[in-house]
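Read-outs: derived from the displayed coordinates by stated rules, not from any lab. A quick note: this is a predicted structure, and the numbers were derived from the prediction, not measured. Neighbour counts run over all protein chains shown; Cβ positions are idealised from the backbone, glycine included.
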Amino acid sequence: MKRELEKAGEQEIFLTELNQLQSGSMNGTQEEFDALEEEHKFEMLTQNQYEHMIDRMRKDLISSQLRS
């Protein structure tokens, strides 16, 4: 019975450490996700700026062609 109690104590310690590792891993994963989400928003903003500039350039080209 004493051996079983010691074994249960060891299992409890192992499971506690495992839960802490998983919790830390989950927090790290959430931080990575947040960073990727922020980078994605920035890249979408940049893409929208480029698309706006290209659209403006097309309109200016058409305007200059109509004038000439």
For the chain, diffusion coefficient by Stokes-Einstein and Kirkwood Rh (Cα), 20 °C, 1.002 mPa s, µm²/s
124
Straight-line reach from Lys7: which aspartates and glutamates have Cα under 20 Å away, leaving out those fewer than 8 places along the same chain?
Glu17
GNM top mover of Leu15, Leu45, Leu36 - the chain, alpha-carbon springs below 10 Å:
Leu15
Computed E for Glu4/Asn27 - FRET, C-beta separation, R0 30 angstrom, nearest 0.05
0.30
Got a sec? Charge dipole of the chain, +1 on Cβ for Lys and Arg, -1 for Asp and Glu; which of Tyr50, Thr16, Met1 is way out at the positive end?
Tyr50
Reachable lysines from Lys59, Cα under 28 Å, same-chain residues fewer than 8 places away excluded?
Lys41
Rounded to the nearest 20 Debye, what is the dipole magnitude of the chain about its Cα centre when Lys and Arg each give +1 and Asp and Glu each give -1 at the C-beta?
520
